């Protein structure tokens, strides 16, 4: 009963390096989301995928790209990491794009950019 | 105006007391509302959903919704030290010109229950 699985759990990068955060869900959900959480700022949406084959920007998309690989997997890529991207990243999913569905979160990836 | 605002914490309550958390939202068309609990270093965990005006009770938790006032609250009765966490209010907002909904989160209220 894994739910939403994120890898890695921790990562340290140097400025300018690239990396991909992985997310997979086993709940047969259609919609998936990437958030970042910074102290005092709550959860901010980076990108989302309302359904397989679609992606769209959230409120803070700059510096990130995403890929909805299939229904289960949604990855987040940092092409050239910057210290401002130091944060905790959460992936979430929900059954569909409809308004009454809650989201379910993975355990998060703690990312530090030096 | 922020889409979702929560009363700033931290909130400290003695064990056994009632903790009261408040949340206001800006979009009058919002239809679904959620409370998440987040322990330090952990991910948000859904604890309550509410869709209709009035109260919804689940164990020691009661969510209250007033759409006319654009206000949703969470009461924690008989607070326990294990309730010490940050509570996030989340409101489903319809993205303009789209059938997509996004969850907009408040910044959270940190609750500490003193033994």
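Sorting the Cα pairs of chain B by distance into bins of 10 Å, from 0 upward, gives 15, 47, 30, 7, 1 percent per bin.
In whole percents, the pair-distance distribution calculated for the protein assembly as shown from its alpha-carbon pairs, binned every 10 Å from zero, is 8, 33, 35, 20, 5, 0. Computed over all pairs of different Cα atoms, the Kirkwood value for the hydrodynamic radius of the range B:48-115 is 13.7 Å. Most tightly packed first, judged by the mean number of other beta-carbon atoms within 10 Å of their residues, the peptides A:76-84, B:53-61 read A:76-84, B:53-61.
In terms of packing, defined here as the mean over residues of other Cβ atoms within 10 angstrom, the peptides A:54-63, B:87-96, B:28-37 line up highest first as B:87-96, B:28-37, A:54-63.
Normalised by the number of residues in chain A, the mean separation of alpha-carbon contacts (under 8 Å, six or more apart) gives a relative contact order of 36 percent. The relative contact order of chain B, computed from alpha carbon pairs under 8 Å that lie at least 6 residues apart in sequence, is 36 percent. Counting, for every residue in A:25-37, the Cβ atoms of other protein chains within 10 Å of its Cβ and taking the mean gives 1. Per residue of peptide B:25-35, the mean number of Cβ atoms on other chains within 10 Å of the residue Cβ is 1.
In this entry, the range A:28-114 is assigned a mean projected area of 5.7 nm², taken as a quarter of its C-alpha convex hull surface.
Where a number appears in this text, it was derived from the coordinates with a stated rule and is not lab data. Bear in mind the structure is a predicted one, so any value in this text is a computation, not a measurement. No Cβ is skipped: glycine too gets one built from the backbone with ideal geometry, and neighbour counts run over all protein chains shown.
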